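**Student:** Encoded as structure tokens, here's the structure I'll be asking about.
The values are calculated or read from the model by the stated rules, or taken from the named source; none is laboratory data. The model shown is predicted, which means the values in this text are computed figures rather than measured ones. Here the Cβ is made from the backbone with ideal geometry for all residues, glycine too, and neighbour counts use every protein chain on show. Areas reflect the complete protein model, heavy atoms only, side chains present, ligands, DNA and RNA absent. Shrake-Rupley method; radii C 1.70, N 1.55, O 1.52, S 1.80 Å.
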Amino acid sequence: MKFIKTMMVFSIFIAAIAISGCKKEKYLSRDTSGLKPPPPVDTTTPPVIDTSVVIDNADKTDGWQVAGGDPALITTGQKEGAGYIKGTIKTGQNFMQFIKTLPAPVNTKVTLSTGELKFWFYVQDVSLLKIDGQIQFSSSGDPDKNRIGWAMDKIIPTLKNGWNHLELKFTDGVPTSDGGPDLKAMNFFKMFFWTAANAATDQVYGIDDIRVAAVPPPPDVVIDNADKTDGWQVAGSDPILTTAGQKEGTGYIKGTIKTGQNFMQFIKTLPAPINTNETLATGELKFWFYVQDVSLLKIDGQIQFSSSGDPDKNRIGWAMDKIIPTLKNGWNHLELKFSDGVPTGDGGPDLTSMNFFKMFFWTAANATSDQNYGVDDLRVGAKP
């Protein structure tokens, strides 16, 4: 009897183990209830597209010369690609130069007014450098012909120990008197400099990733962000700051052509003159313009931008008959090139001191219902 009881207890124990082993085990990694979805992809900022032209990626010593010995290809610590070109001022010496003769001419796809030479420059100890030397970029295979150059006395004070990314605008360089370089056929790079005294220990320098790029345009200059009604006037009533549906900031300026009326204008008098940093050849006025129903507009009116505080003096203007046919219902981003506008006969605006904006237009017939219009984010930038 005792044996039977023992066997029953043992059987129950075995059964319990079996049942326990059959239970479904929970894996936390499969439980997605507490997981957060990834943040949405930011589609508001366009991707940066590299349109630069490579002159030499410094991944081979072919075509390279350095002072004091053969160039060395270093394959650790580079800023790009497989390596960089190293040159050494040996103990007791004081001069270094990097020369690259290209195997074939390279078209930089820029001009002297739009381009810049960019590369990485490694300096072991900036404090040892003499404020002298030059960087030269040529289309003649010769450092003294058809070149543009930048003096090292302007560059050396900006350097730090280690890698430095130099961005040398062609507009800051000095072309040779023979017409300067042919930027469609560049084939020669040279950089030379000295230490102020003979080196007490070997000093290492490096070059990597030489390329030419278009100089990025300067940031836009904000004329008015339309986030306050201060200085604004609209036809028919006081301007209204609307804080929903704006294209920028906290609001936009709304004006309404009331039922039975047919005219609207937006006027902004700036509290202080603004330097646009552009010229009539290079700049454009940009802003957002809201139209409830484009089909109601008369093909007439004008946009005016002035430095006199007066719409009829020292201004540039754009006729609405060219603009209205391009509009759609809702928000429209206007980009008005100064070169497409008409300056007044008094010399036009002083773009270093702009202080007045005006836009006016009509409906083709008196409005049969209230019609809303809006202006947001006035700014000046470089035209494409």
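**Student:** If packing is taken as the mean number of other Cβ atoms within 10 Å per residue, what is the order of 189-195, 307-313, highest first?
**Tutor:** By packing density, highest mean first, the sequence is 189-195, 307-313.
**Student:** I would also like to ask the following. Work out, step by step, the length gained on full extension between F95 and D153: first 0.36 nm times the residue separation, then minus their alpha carbon distance; give nm to one decimal.
**Tutor:** This chain segment gains 19.3 nm when fully extended.
**Student:** Right, next: I'd like to check one number: the per residue accessible area of the stretch 69-132, probe 1.4 Å, reported in Å² as a whole number.
**Tutor:** 49
**Student:** Further question: Using amide H atoms built 1.01 Å from N in the peptide plane, name the residues 5+ places from G149, or on other chains, whose amide H lies under 5 Å from its own.
**Tutor:** Under 5 Å from the amide H of G149: V174.
**Student:** Using amide H atoms built in the peptide plane, which far-off residues or other-chain residues are under 5 Å from S140 H to H?
**Tutor:** Residues meeting the amide H criterion: N187.
**Student:** Send over a whole-number figure in Å² for the accessible area per residue of the stretch 228-384, probe 1.4 Å.
**Tutor:** For the stretch 228-384, the per-residue accessible area is 45 Å².
**Student:** Would you mind telling me the share, in percent, of accessible area of the stretch 234-361 contributed by carbon and sulfur at probe 1.4 angstrom?
**Tutor:** That fraction is 49 percent.
**Student:** Could you give the semi-axes, largest first, of the ellipsoid that matches the stretch 310-384, computed as the square roots of 5 times the alpha carbon gyration tensor eigenvalues and rounded to whole Å?
**Tutor:** Gyration-tensor ellipsoid for the stretch 310-384: 25, 15, 12 Å.
**Student:** Okay, moving on. Over 20 Å between Cα atoms: which of K60/K100; K258/K298; K228/K298; K337/K358; K90/K154 fall into that group?
**Tutor:** From the list (K60/K100; K258/K298; K228/K298; K337/K358; K90/K154), the Cα-Cα distance tops 20 Å for K228/K298; K90/K154.
**Student:** Right, another one. Name the shape class, rounded, prolate or oblate, that the alpha-carbon gyration tensor gives for the stretch 52-131, where a ≥ b ≥ c are the square roots of its eigenvalues, rounded holds for a/c under 1.5, and otherwise prolate holds if a/b is larger than b/c and oblate otherwise.
**Tutor:** The shape class here is prolate.
**Student:** What is the chain by shape, rounded, prolate or oblate, if you read a ≥ b ≥ c off the alpha carbon gyration tensor as root eigenvalues and call it rounded for a/c under 1.5, prolate for a/b larger than b/c, and oblate otherwise?
**Tutor:** Oblate, since a/c reaches 1.5 and b/c is not below a/b.
**Student:** If packing is taken as the average number of other Cβ atoms within 10 Å across a peptide's residues, how do 146-155, 172-181 rank, most packed first?
**Tutor:** Ranked by mean Cβ neighbours within 10 Å, highest first: 146-155, 172-181.
**Student:** Given a cut-off of under 8 Å on Cα pairs at least six residues apart, what relative contact order in percent is computed for the chain?
**Tutor:** Worked out over the chain, it gives 16 percent.
**Student:** Now for a different question. Would you mind classifying the stretch 107-234 by shape? Square roots of the alpha carbon gyration tensor eigenvalues, ordered a ≥ b ≥ c; an a/c under 1.5 is rounded, otherwise it is prolate if a/b is larger than b/c and oblate if not.
**Tutor:** Cα axes put the stretch 107-234 in the oblate bin.
**Student:** When the dipole is taken about the Cα centre of the stretch 79-223, and only Lys, Arg (+1) and Asp, Glu (-1) are charged at their Cβ, what size is it in debye, to the nearest 20?
**Tutor:** 200
**Student:** Using the Cα atoms as the points, what is the convex hull volume per residue of the stretch 271-350 in Å³?
**Tutor:** Hull volume normalised by residue count: 107 Å³.
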